[in-house]
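A short worksheet on the structure shown next.
The values are calculated or read from the model by the stated rules, or taken from the named source; none is laboratory data. Predicted model, so just to flag it, every value in this text is computed and none were measured. Glycine gets a Cβ as well: all are built from the backbone with ideal geometry, and neighbour counts include every protein chain shown.
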Amino acid sequence: MASVLPIGGVQWTTLIDYPGKVATTLFTVGCNFRCPFCHNPELVDPSRFAPPLDEREILGRLRERAGFIDGVAITGGEPTIHAALPTFVERLKELGLLVKLDTNGSRPDVLRALLEERRVDFIAMDVKGPLDAYDRLTGIAAEASAIEESIRLILDRVSDYEFRTTVAPTVSRADVHRIAKRIAGAKRYVLQAFRAPETGLLDPTWETKPALSRDELDALWNEIRPEFGGGGVRG
């Protein structure tokens, strides 16, 4: 039996998740990171998973909406951990839809294969922090070399992309400057303000930890803006 992409949620229409496009957002279930500040714990913590939605029904509705939307944004969780991702993306392309992929960059091999097969049109990569802070920020023993490889792959081979950092608690101004130095020259870099959602974080103890304010992020963006083609502060 062919594997299916486990989809835990759908936002049928979004003007935000795919820059410049009208899109549908699909949320895959499961992640290889355990970021304590994750605001989608129901997609990350197996104990909170709900039964996945029917892939065939989703593809059927997308087929009906193909004349209304420009594309599909696939996020998570972490989509690249699923073997069914390339086949699912191919089905979206057969519908004439653009595909945006959100990723944590931990699977550069998957990114490379998707790019070689021209299956994705836009990649958004979350850069959690400086590479030496990844273990703390991801809750696992993260493979920094994989993150570095994904960054380089996107910079060298992707025409439409953005890097983004949720400036979570414990991420400092100096950390953001270090990230900016590593991805300097990128087409687009976005700083995302941290806010604990009403549904809670993966690690509730992080909900009361202080993070940089919107005003501080605006000032910080002005300091690093010359390094990038575009971007800004979101949220």
Can you work out which of the residues in segment 89-126 that are of a type in the set (A, V, I, L, M, F, W, C) and in a loop (DSSP other than H, G, I, E, B) is surrounded by the fewest Cβ atoms within 10 Å (Cβ to Cβ)? Leu95
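Does segment 127-137 contain at least one residue that is part of a helix (DSSP H, G or I) and among the aromatic types (Phe, Trp, Tyr)?
Of segment 127-137, the ones part of a helix (DSSP H, G or I) are 131-137.
The next check asks that each one be among the aromatic types (Phe, Trp, Tyr); those that pass are 134.
Yes, the conditions are met somewhere in segment 127-137.
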Could you check segment 14-41 and list, in sequence order, the residues that are under 16 Å from Leu92 (Cα atoms) and in a strand (DSSP E or B)? Ala23, Thr24, Thr25, Leu26, Phe27, Thr28
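Checking the condition closer than 24 Å to Gly235 by Cβ, in contact with a helix residue (DSSP H, G or I) (Cβ under 7 Å, 6 or more places away or on another chain) and modelled with pLDDT under 95, which residue from Ala180, Ala196, Ala186 passes? Spell out the reasoning first.
Values: Ala180 fails: modelled with pLDDT under 95; Ala186 fails: modelled with pLDDT under 95.
Going through Ala180, Ala196, Ala186 in turn, just one is closer than 24 Å to Gly235 by Cβ, in contact with a helix residue (DSSP H, G or I) (Cβ under 7 Å, 6 or more places away or on another chain) and modelled with pLDDT under 95: Ala196.
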So, of the residues in segment 210-224 that are touching a residue at least 24 places away in the same chain (Cβ under 8 Å) and not in a helix (DSSP H, G or I), which turns out to be surrounded by the fewest Cβ atoms within 10 Å (Cβ to Cβ)? Pro210
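Residues in segment 189-201: is at least one closer than 29 Å to Arg119 by Cβ, more than 16 Å from the chain's Cα centre (by Cα), of a type in the set (A, V, I, L, M) and not in a loop (DSSP other than H, G, I, E, B)? Break it down into steps so the answer makes sense when it comes.
First, pick out the residues of segment 189-201 that are closer than 29 Å to Arg119 by Cβ: 189-192.
Still in the running and more than 16 Å from the chain's Cα centre (by Cα): none.
Taking every residue of segment 189-201 in turn, none turns out to be closer than 29 Å to Arg119 by Cβ, more than 16 Å from the chain's Cα centre (by Cα), of a type in the set (A, V, I, L, M) and not in a loop (DSSP other than H, G, I, E, B).
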Under 8 Å between Cβ atoms, which residue pairs at least 6 apart in sequence (or on different chains) link something in segment 9-24 that is closer than 9 Å to Ile69 by Cα and among the charged types (D, E, K, R) with a partner that is at pLDDT 95 or above and assigned to a strand (DSSP E or B)? Lys21/Gly71; Lys21/Leu98; Lys21/Lys100
Do you know which of the residues in segment 139-165 that are in a strand (DSSP E or B) and not charged (D, E, K, R) is farthest from Lys187 (Cα to Cα)? Thr165
With respect to Thr75, is the statement that it is β-branched (Val, Ile, Thr) and either closer than 26 Å to Thr170 by Cβ or in contact with a Cys (Cβ under 6 Å, 6 or more places away or on another chain) (or both) true? yes
Out of Val171, Val167, report the one residue that is at pLDDT 95 or above, of a type in the set (A, V, I, L, M) and either closer than 24 Å to Leu101 by Cα or touching an Asp or Glu at 6+ places or on another chain (Cβ under 6 Å) (or both). Val167
Taking segment 54-80 only, how many residues are over 25 Å from Asp126 (Cα atoms) and part of a loop (DSSP other than H, G, I, E, B)? 4
Against the conditions (1) without any contact (Cβ under 8 Å) to a residue 40 or more places away in the chain; (2) crowded, with 21+ Cβ neighbours inside 10 Å; (3) out of contact with any Phe, Trp or Tyr (no Cβ under 8 Å at 6 or more places or on another chain); (4) not charged (D, E, K, R), where does Cys38 fall short? Just the number, please. (1)
